[in-house]
Amino acid sequence: MGSAAVVPMIWLPGVLRSRPHRLDAASRRANEPIVIGRQVAVLRIFAAVSWLVPLLLLGVIAMQTWKLEVEELDSRVTSTLTILLEETQKVFENQEMALNWIDDRTKNLSWTEIERSREFFQFAKKLADDSPYIDTVFLADAAGDVRATSSRFPMDRVVSVADRDYFLEAKSEPTGVHVGESIKGKLNGHVAFRVSRRRSSTNNAFDGIVAVALSPSYIEKFFANIGGSASDAICLMRTDGTILVSNFDGLVDGALPTDNPCTSLIRAGDVNRNGSVSTRDGTTRMGGSRQVRGYPLVVGYAVDLRTVRDEWLESLALFGAAAVMSSLVLFGLSVAALRIARGEQRAIGAWQEEVEQRRRIEAEMRQASKMEALGRMAGGIAHHFNNLLPAMSGLLQVTLSDVPPDSAAAKRLGRILEAVAQGQRLVRNILVFSRRQVMSHERVAISAVIEGALALSEGTLPSNIKVVTRFGYRGDVVADGSQLMEVFMNLISNATHAIGGKGGAIELATEAATIDAETALHFGVKPGEFVRVVCRDNGVGMSSDVIERAFDPFFTTKHVGEGTGLGLAIVHGIVTGLGGSIRVESTPGSGSSFSLYLPLAGNIEAGSIAA
C-alpha cells in the first residue's frame, strides 16, 4: 500500500480535526515531512508487529501443544499400563489357581503314585493343551528331581531343577507363588519362565514343588497388539529387575540383554515425563511401571519420544506457515472470535449444567410424586376394602355355621373364606406400601432380623443357591421386627427368582454409614448415622427401565401367577416408613444390588417414627 493512499485515511482527518483553520502552502510543506515520517514509523512498526505477533503466537502455541502432547502421552502410557496390569494380573491369578488345582489333585498321593498315574498325566496334559500360555506342567520332589510332567509319560530320564531359582525360593519360603527367570527348559529346551509353589504336606515340611512353565509367546502377542509403535518398549519383569518378556529385541541364549530399554522402567515407578535414554539404541522414551498385586512382578511400558516429536513438529510446521501468512487484522479477528466462542462455550456449558441439574431434580420429584400418588390411591382403595372384607368374612363364617359341615355348600363357603383371607393379606400389603398401616416400633438387632429371615426362607431356597452373610455392623435399629423381617424375606425371594435355575449366590452384608446433608437431600432422609444393608445377587440383572418401575405396586417381571408385584413395593413402603432409603444398582446379566439405609437406634427414640 503506498503512502499517498495511507496519509489521507490515517492522518488527514486527525490533522483537520486538530487544526480547523485554513493552512497556507508553507505550513503544509513544513508539516509534510513530519506527517510522512510518522506514517513511515507507524508502517514499520505495523510491518514488524505483523511478523512478530504470529511468531510469538506460534511460540506460545508450540509450548501449549507440546504440553498437550506430553499430557496425552502421559494418559496413553497410564491407560496402557492399566491394561497391561489387568491382563498380567489375570494371567497369574489363573496360574495360581491352576497350581492349587494340581496340588489338590495330588495332595493325597505319594511321589510313586504320581509318577505312575496316567490319569494325572492326562489331566496335566489337558491343562497345558487348553491353556494359551502354559507350555508345561510338572512336579518336582524335595530333592529337585522332576517326577511328573505334562510333556511325557512315563519319565524316561532324570531331570533335576534343584539349581533353579523358582525351586530354591519355594524351598526357603513356605508360602506364596514364586516366579523364575526366563530360561531354556531342561526337558524340552523351550524358553519359558516357571511359576511354582510348595506342594502341600501333612507336617508342613518341604515335599517338593508344583510348577507350570509359561511360554512368553502369548504375552508377546498381547504386547504386539497393545503397542502403538514398533519402537515402543513393553516388558514384564520381576521386582529384582530380571526381565521375563519384552517386545524389544529378542532373547539371546535364553536371556534378555542387560541394556534392554525395559530395564530402566522398573526404576521409573510412575510415569516419568522427562524420559530416559536407552543405552541399547540411544532412544529417549517416556514410560513407567506398575507392580502386579500379590506377585513379585512389574509391568513396564515406554513410548518413543521421537515419534511423538516428529508428529508434533509436522503439525507445528503447517500451523506456522499458516500463521506467518496471516495478517494482523485476521489475527485480531481470530482472537476476538476465539474469545467470543470461549465465552459462549462457558455460557452454554453453565446453561447445560443448570438444565441437567434441573432435569435430575424434576425426575426425582416426579418419581417421588408418582410413588406418593400410587400410595394414596392404593391406600384409599385398600382402606375401603379393609372395611368390607371383615364384614364379608364374618357373614361367611356365620353362614358356614348354619349349613351342614360336610355339605357341598360348606366346601364352597370355605373356599370363599380362603379367597377373602387372601384378599385381606393383599390389602394388608397394600396398606404397608402406602404406609397407612400403623407399625409398632422397638429396638431390634439388625443381624438377628436378617438371620430370622434367612431361617424362614431356608425351606424355599433351592439347593443350588448359596447365601453368604457378612455382618460388619450388629447394632440396633428402631423398627417393627416382623415387618423388617418381611423386607429381607422379599429381597431374598426377589434375588432367588433373579438367579433362577442356573444357581448362584446371595450375599447379605451390613455396615455402618454416615449420610451428610447433601447426600441426605438426594436420598430423601435426614442426615445422621445409618446402617447400610446390602442384598446382592448374581442373577439376570435389570435394565434401566425395569429399575425405574421396580418399586411400583403390581409391577412384576415374573410370569402370570408367579407373583403379585407387591414384594418390592412393600420393601419400599416399610423402609421409607422407617425414615430410611433404598438404592438399586443393576446391570443386565451381572446381577443386582439393593442397598437399604436404616437410621440407627442411637439417633431415634423407639416409637418416634411416623408410620
**Message:** How far apart, in nanometres, would the label points at residue 517 and residue 408 be if each is projected 7 angstrom from Cα along the Cα-to-Cβ direction?
**Reply:** 7.4
**Fill in**
Distance in nm between residue 107 and residue 75 label points, each 7 Å along Cα→Cβ, equals 4.9
**Request:** Step through the residues of the range 450-465 one at a time and calculate ³J(HN,Hα) from phi using the Karplus curve (6.51 cos²θ - 1.76 cosθ + 1.60, θ = phi - 60°), rounding each to whole Hz and writing x for Gly and Pro.
**Result:** 5, 5, x, 5, 5, 5, 6, 8, 4, x, 9, 6, x, 5, 8, 10
**Fill in**
In nanometres, the difference between 0.36 nm per residue of separation and the alpha-carbon distance of residue 470 and residue 152 is 109.8 nm
**Asked** Taking the alpha-carbon centroid of each part, what is the distance from the range 48-127 to the range 482-540 in angstrom?
**Response** 36
**Request:** Count the net charge of all other residues whose Cβ sits under 11 Å from the Cβ of residue 198, scoring Lys and Arg as +1 and Asp and Glu as -1.
**Result:** -1
**Message:** Net charge within 14 Å of residue 458 by Cβ-Cβ distance, Lys/Arg positive one each and Asp/Glu negative one each, not counting residue 458 itself?
**Reply:** 0
**Message:** Just to verify a number: FRET efficiency for residue 526 and residue 458, C-beta to C-beta distance, R0 = 45 Å, to 0.05?
**Reply:** 0.80
**Request:** Would you pull out the residues with amide H under 5 Å of residue 298's amide H, same chain only if 5 or more places away, H placed 1.01 Å from N?
**Result:** 237, 238, 239, 292
**Request:** May I ask what percent, to the nearest 5, of DSSP beta bridges between residues of the range 438-603 are antiparallel?
**Result:** 80
**Request:** Would you mind counting up the charge near residue 174? Only other residues with Cβ under 13 Å from its Cβ, with Lys and Arg at +1 and Asp and Glu at -1.
**Result:** +1
**Complete:** Sorted on mean Cβ neighbours within 10 Å (highest first), peptides 514-526, 115-127, 235-247 come out as 235-247, 115-127, 514-526
**Message:** Sort 298-304, 536-542, 459-465, 83-89 by packing, meaning the average of other beta carbons within 10 Å per residue, with the highest value first.
**Reply:** 298-304, 536-542, 83-89, 459-465
**Prompt:** Cα to Cα, under 24 Å, and not fewer than 8 places away if on the same chain: which lysines meet these conditions relative to residue 184?
**Reply:** 125, 126, 171, 221
**Fill in**
Most packed first (mean Cβ within 10 Å per residue), the peptides 172-178, 188-194, 144-150 order as 144-150, 188-194, 172-178
**Item:** Placed amide H near residue 208: partners under 5 Å, 5+ positions off or other chain
**Value:** 142, 199
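Quick note: the coordinates plus some simple rules give every number you see, no bench work behind them. Just so we're clear, the structure is a prediction, and the values are computed from it rather than from any experiment. In this analysis, Cβ positions are derived from the backbone assuming ideal geometry, glycine residues included, and neighbour counts consider all displayed protein chains.
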